[in-house]
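K.L.:
One structure, as structure tokens, below. Some questions next.
Derivation of every value follows stated rules applied to the coordinates shown; laboratory data play no part. As the structure is a computational prediction, the values presented were derived from the model and not from experiment. All Cβ positions, glycine included, derive from the backbone under ideal geometry; neighbour counts span all protein chains shown.
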Amino acid sequence: MKAKIDLSQTPCDQLKGVGAKTAERLARLGIHHVQDVLFHLPLRYQDRTRIHAMSELIPGEHVVIEGIVDSIATPKVGRTRLLCRLHDETGRVAIRFFYTNAFQRKQIEIGLKIRCYGEVRFGSEGLEMIHPEYHIITPETFFPNETNLTPIYPTTEGLSQLTWRKLTEQALNLLRQGALLHDILPEKILQNITFPSLHDALHFVHRPPIDAEINLLVEKKHVTQKRLVFEELLAHHLSLLHLKKSFQVQNAFSLEKKSDLAKHFLQSLSFTLTNAQQKVTAEISEDLSKQNPMLRLVQGDVGSGKTVVAALAILQAIENQFQSAILAPTELLAEQHFKTFQKWFAPLGLKVVLLSSQMKTAEKKSALSAIEDGSAHVAIGTHAIFQKTVSFKKLALIIVDEQHRFGVQQRAMLREKGVQNNFYPHQLIMTATPIPRTLAMSVYADLDYSVIDELPPGRTPVSTIVISNTRRDEVLKRIYEACSEGRQAYWVCTLIEESDLLQCQAAENTAKELETIFPDLKIALIHGRMKPAEKETVMSNFKNGKIQLLVATTVIEVGVDVPNASLMVIENAERLGLAQLHQLRGRVGRGAIASHCVLMYQAPLSHQAKERLAVMRETTDGFKIAQRDLELRGPGEVLGTRQTGEMALRIADLMRDSDLLNGVQQAAALLQKDHPETIQALINRWLGASAKYGHV
Ligand code: ADP
Ligand code: MG
């Protein structure tokens, strides 16, 4: 008797219709075995189970129609190359092609019966379908109605939906005939969850029955999809844990804790650390003393004081005669950090250098040589800091500040930065993006994780008002009052367009307008297109009070720290998301003075925008805002599509499926403990060739 075939070992070319060319195209998608075909899951579904009468068609619908060809035209002018008119007993529809081939032109003849699937539109011929999928119906090529919802697969050039349907059909048949596809998840895990079996789930998602709840399917919330989602999330989680483990066995310089410098530094500060800062500092210090690289994420709301924590980590490196690098997301923040660290470190006799992409050659040269000969203790810059021309003498610590969108791939790449003679630098990643804890533990499962869950004392929470821009005069009055009382203010301009240039122009116009209205106020402008030196001058003038009102684009979103600024006006606040509003508002309320944020909007407000502004008015707690953000926004958005995109999930969505994450984390722990042998198979099944970041 023939042994049962194992689909995870059966190459695709065993399937009918898979020649060398198709096999190669499949391979490009990471599909090598029949199992991979089964785990190539539909993106969406179409209902082709019913032939619609032409008289009942509604433009916009995707439907199947069947009719007789009445006329065929091959126009020589215009875009249309082939236009056929069809009729059935109830009405007429035209089908239109903008490109055709000789075969097609020969194949379609007057009097033939054609079945088409496509979107109904209204065009110059009345009801039309453009480039429908079609089959010619003859007595010999009888074509049954579809009995299932039709799956639509993600695909690439050269692989049609029809090919995918044929491939998955064969794979499902093999499965029905008893071919092996291991349910990798052990009983113990499956017991706890009421999911259908893997076989049933795969059959269902590839060929949902006509009566399947299509709404659930579309939203990927059907229980059979959940079964697959769970397994996929588990595979990803395990791959991140694997990544973490592989990093943990690398070498790093052990940085012992000696507290002289730290003590001096702390004494020089005008404040004492909060408990949360102390706790996180201790965690970091412990990590740094190990011989394996630290990889820790510090999450702390805006204004929670992450910079000091980073400074203490850097001092520990310096005490062990090592250099540190600070990686900032914007030039502006890099410049800010440079000032802060100079102020803190210069009195301790330590050298801090800035690397900016637009620095003068001589300046850059001297910064580079200080980094190279080791006289610079700290180097600060944007990603420019990791160009080939920069070589550190003894780098032991990298601080990554405020990376909002920091995907798995980027983290993997960063791990490789600064490696010298197989010694990896320790890494500290700091973020203010407050994402709920369960989610953080999944997205960042490859990192250790600390939270600064306390703000420094003496902060008065920012009070927020939401106001229509028809009341701009009142807002202007407020600005004037605040500035006259010796305080400072931000005026933030927003634009929907991604265009940096337009944003800057809008800010320029507003600055001019405000200068005309308030000739006696000192007003300045800052935006991303200014030269670093100009920005620096503006920022330092704002910081030391020479400027009263700073008109800005959203460049000031991260990191800017001017405690005397106590009023922020955000124009067209309805255009921004919650995370961005929260970040921006975090620029005020940094000192002891009561601060205010004015969210000015342009009516009418969408329901979502109204909700967002209400959330901002109600709370200043970043975690609460993140939670509401999660509820308000569609799948995948809170983390930034790029982040989830980088995880390249097939069916799961971290936000939509966040209810499964706890179970996933438990299951992962259980597999690691009791069934380590299953882990690689699970990762291979779901991440396949794309699991490249599994072995950096
Ligand atoms: P973020 O976490 O947003 O990066 P920063 O590190 O910029 O916050 O700190 C915000 C402000 O709070 C800075 O002016 C900083 O000097 C100040 N600060 C930090 N820690 C404390 C503390 N323990 N007590 C008082 N002020 C603090
Ligand atoms: Mg910061």
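K.L.:
Just the number, please: Stokes-Einstein D of region 130-241 in µm²/s, Kirkwood Rh from C-alpha pairs, 4 °C, 1.567 mPa s. Let's see the in-between values first.
P.N.:
Working: Rh = 16.6 Å.
So the translational diffusion coefficient is about 78 µm²/s.
K.L.:
Now for a separate question. Taking every pair of alpha-carbon atoms in region 410-486, what share in percent sits in each 5 Å bin, from 0 to the bin with the longest distance?
P.N.:
For region 410-486, the binned pair fractions read 3, 9, 12, 13, 10, 9, 10, 9, 9, 9, 3, 2, 0 percent.
K.L.:
Please report, in whole Å³, the volume per residue of the convex hull around the C-alpha atoms of region 238-301.
P.N.:
It comes to 94 Å³ per residue, whole-number rounded.
K.L.:
Given all pairs of different Cα atoms, what value in angstroms does the Kirkwood hydrodynamic radius of region 509-621 take? Present the calculation step by step, with values, prior to reporting the outcome.
P.N.:
Numbers: mean 1/r = 0.0663 Å⁻¹.
Value: 15.1 Å, from the Cα pair sum.
K.L.:
Which far-off residues, 5 or more places away or on another chain, put their amide H under 5 Å from the one on C597, with H placed in the peptide plane?
P.N.:
Placed amide hydrogens put S463, T464, I465, M568 under 5 Å from C597.
K.L.:
With charges only on Cβ, +1 for K and R and -1 for D and E, what is the dipole size of region 88-168 about its Cα centre, in debye, rounded to 20?
P.N.:
For region 88-168, the charge dipole is close to 160 debye.
K.L.:
Once amide H atoms are built 1.01 Å from N in the peptide plane, which residues 5 or more positions from A376, or in another chain, come under 5 Å H to H?
P.N.:
Excluding prolines and chain starts, which carry no amide H, the hits are I371.
K.L.:
Could you please state, rounded to a whole Å, how far the C-alpha centre of region 66-116 is from the C-alpha centre of region 337-388?
P.N.:
Each part reduced to its Cα centre gives a spacing of 69 Å.
K.L.:
Quick one: Karplus J couplings for region 664-670, per residue in order, coefficients 6.51, -1.76, 1.60, θ = phi - 60°, nearest Hz, x for Gly and Pro?
P.N.:
4, 5, 5, 4, 4, 5, 5
K.L.:
For n ≥ 4 DSSP H runs only, could you compute -39500 (n - 2.57) per run for the chain, divide by its residues and tell me the 222 nm figure to the nearest 500?
P.N.:
-12000 deg cm²/dmol
K.L.:
Of the DSSP beta bridges with both residues in the chain, give the percent that are antiparallel, rounding to the nearest 5. List each step's numbers first, then the result.
P.N.:
Working: 33 of 90 bridges.
The antiparallel fraction comes to roughly 35 percent.
K.L.:
Return an integer: the convex hull volume of the alpha-carbon atoms of region 212-348, in Å³ per residue.
P.N.:
Considering the Cα atoms of region 212-348, their hull volume per residue is 164 Å³.
K.L.:
Placing unit charges on C-beta atoms (Lys and Arg positive, Asp and Glu negative, everything else neutral), compute the dipole magnitude of the chain about its Cα centre in debye, rounded to 20.
P.N.:
Result for the chain is approximately 1220 debye, rounded to the nearest 20.
K.L.:
Right, something else. Run the reach check for K21 against lysines, Cα to Cα strictly under 28 Å, same-chain hits fewer than 8 apart removed. What comes back?
P.N.:
K4, K106, K166, K692
K.L.:
Rounded to whole Å and sorted largest first, list the principal axis extents of the Cα atoms in region 57-100.
P.N.:
So the extents along the principal axes, rounded to whole Å, are 31, 23, 13.
K.L.:
Also, I was wondering about something else. Restricting things to Cα coordinates, could you compute the convex hull volume per residue of the chain in Å³? Mind dumping the intermediate values first?
P.N.:
Numbers: hull volume 151.1 nm³, N = 696.
Cα convex hull per residue, to the nearest whole number: 217 Å³.
K.L.:
Which part of region 135-174 falls in the paramagnetic zone of A20, meaning amide N under 20 Å from the point 7 Å along Cα-to-beta-carbon?
P.N.:
Counting backbone N atoms under 20 Å from the label point, the list is 158-159.
K.L.:
So, one more: Answer rounded, prolate or oblate for region 289-407, using the Cα gyration tensor with square roots of eigenvalues a ≥ b ≥ c: rounded when a/c is under 1.5, else prolate when a/b is larger than b/c, else oblate.
P.N.:
rounded
K.L.:
Applying 1/(1 + (r/R0)^6) with R0 = 51 Å to the Cβ-Cβ distance of K343 and T470, what FRET efficiency is obtained, to the nearest 0.05? Could you put the intermediate results ahead of the total?
P.N.:
Working: r = 43 Å, r/R0 = 0.85.
Here the calculated transfer efficiency is 0.70.
K.L.:
On to the next question. Under the Kirkwood approximation for Rh and a Cα-based Rg, what ratio Rg/Rh is obtained for region 171-290?
P.N.:
With Rh from the inverse mean 1/r over Cα pairs, Rg/Rh is 1.30.
K.L.:
Report the relative contact order of the chain, percent, no decimals, based on alpha-carbon pairs under 8 angstrom and at least 6 residues apart.
P.N.:
13 percent
K.L.:
First check a/c for region 506-547, with a ≥ b ≥ c the square roots of the eigenvalues of its C-alpha gyration tensor; if it is under 1.5, answer rounded, and if not, answer prolate when a/b is larger than b/c or oblate otherwise.
P.N.:
Note, shape of region 506-547 comes out oblate.
K.L.:
Next up: Can you give the Rg/Rh ratio of region 572-625, where Rg is from the C-alpha atoms and Rh is the Kirkwood radius? Show your work: numbers first, answer last.
P.N.:
Working: Rg = 11.4 Å, Rh = 11.7 Å.
Rg divided by Rh gives 0.97.
K.L.:
Could I ask something else about it? Would you work out which of S124, P151, L190 lies farthest towards the positive end of the dipole of region 78-220? Charges go on Cβ: Lys and Arg +1, Asp and Glu -1.
P.N.:
Checking the options against the dipole of region 78-220, the answer is S124.
K.L.:
Find the Rg to Rh ratio for region 28-137, where Rh is the Kirkwood radius over alpha-carbon pairs and Rg uses the same atoms.
P.N.:
Values: Rg = 16.4 Å, Rh = 15.3 Å.
Rounded to two decimals, Rg/Rh equals 1.07.
K.L.:
Give me the dipole magnitude in Debye, nearest 20, for region 491-599 about the Cα centre, with unit charges on the beta carbon: positive for Lys and Arg, negative for Asp and Glu.
P.N.:
400 debye
K.L.:
I'd like the Karplus ³J(HN,Hα) series for region 449-458: coefficients 6.51, -1.76, 1.60, θ = phi - 60°, whole numbers in Hz, and an x wherever there's a Gly or Pro.
P.N.:
Per-residue couplings from phi come out as 9, 10, 10, 8, 9, 7, 8, x, x, x Hz.
K.L.:
Would you be so kind as to identify which of H52, G300, T460 lies farthest towards the positive end of the dipole of the chain, taking Lys and Arg as +1 and Asp and Glu as -1 on Cβ and the Cα centre as origin?
P.N.:
G300
K.L.:
Among S484, I110, H87, whose Cα lies farthest out toward the positive end of the dipole of the chain, if unit charges sit on the beta carbon of Lys, Arg (+1) and Asp, Glu (-1)?
P.N.:
Checking the options against the dipole of the chain, the answer is S484.
K.L.:
Please list, in order along region 86-92, the HN-Hα scalar couplings obtained from phi with the Karplus expression 6.51 cos²θ - 1.76 cosθ + 1.60 (θ = phi - 60°), rounded to whole Hz, x for Gly and Pro.
P.N.:
These are the phi-based 3J(HN,Hα) values: 10, 9, 10, 5, 10, x, 10 Hz.
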